[in-house]
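K.L.:
Sharing a structure, written as structure tokens. Questions coming.
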Amino acid sequence: MPDYFDPAHLIFLHGLEGTSQGTKATLLRSLFPDMLTPDFSGSLEERMRTLKPILGDREVWTIVGSSFGGLMAALFTCQRPDQVRKLVLLAPALILPQFASSVPTPVNVPTIIYHGRQDQIIPLEPTRQLAYQVFRNLTFHEVDDEHGLSRTIFEIDWTALLA
């Protein structure tokens, strides 16, 4: 798989109650105007059915997923690791049963996770443990922030991270 950065192959997956007009999606689109930021609704299964045709069979996707979108991104990456160049997860909902009850086969996709110490929605330690079980090429950043990572997202050098 090619390892080059292609801004046309960037996608952001928002959280359960997020939208393409949320703070993270808006920030990322301001930095990467070609980044896809689709809206998702419904159950995880409905969201995954919406996601798969968007990603299609193209390789070299860089996927950024937040919370429930992080769960979606992780599941897609585990199902189709050959299509993912890099995975960035923001407080991913890996502890939900759809991931945690049947832990996927480990993958080697470069994965970066940011998770807040004050996250009251998705606990830090169980997320970290699951992440290290599944992502063999993992960088885990524990940050002084809450679930929304409202400070952290503005401190990340997104250009360096995604390039």
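K.L.:
What residue, of 118, 129, 133, 98, is in a loop (DSSP other than H, G, I, E, B), of a type in the set (S, T, N, Q) and free of Cβ contacts under 8 Å to residues at least 60 places away in the same chain?
P.N.:
118
K.L.:
Determine if segment 41-55 includes at least one residue that is assigned to a loop (DSSP other than H, G, I, E, B), farther than 13 Å from residue 135 by Cα and touching a strand residue (DSSP E or B) at 6+ places or on another chain (Cβ under 9 Å).
P.N.:
no
K.L.:
Scan segment 91-108 for residues that are under 15 Å from the mean Cα position of the chain (by Cα) and under 11 Å from residue 127 (Cα atoms) and report the count.
P.N.:
Adding up the residues that qualify gives 7.
K.L.:
For residues that are over 23 Å from residue 158 (Cα atoms) and in contact (Cβ under 8 Å) with a residue 24 or more places away in the chain, scanning just segment 44-78, find the one that is farthest from the chain's Cα centre (by Cα).
P.N.:
The selected residue is 57.
K.L.:
For segment 136-163, how many residues are among the polar types (S, T, N, Q), assigned to a helix (DSSP H, G or I) and surrounded by fewer than 16 Cβ atoms within 10 Å (Cβ to Cβ)?
P.N.:
Adding up the residues that qualify gives 1.
K.L.:
Related question: Given the residues 74, 93, which is the only one that is among the aliphatic types (A, V, I, L, M), surrounded by 17 or more Cβ atoms within 10 Å (Cβ to Cβ) and not in a helix (DSSP H, G or I)?
P.N.:
Going through 74, 93 in turn, the sole match is 93.
K.L.:
Could you list all residues from segment 119-163 that are touching a helix residue (DSSP H, G or I) at 6+ places or on another chain (Cβ under 8 Å), among the β-branched types (Val, Ile, Thr) and within 18 Å of residue 24 (Cα to Cα)?
P.N.:
Across segment 119-163, the qualifying residues are 143, 153, 159.
K.L.:
May I pose another question? Those residues that are closer than 18 Å to residue 140 by Cα and among the charged types (D, E, K, R), I need them from segment 77-91; list them, please.
P.N.:
Passing the criteria: 85, 86.
Where a number appears in this text, it was derived from the coordinates with a stated rule and is not lab data. Since the model is a prediction, treat every value here as computed from it, not as a measurement. A quick note on method: Cβ atoms are made from the backbone with ideal geometry, for glycine too, and the neighbour counts reach across all protein chains shown.
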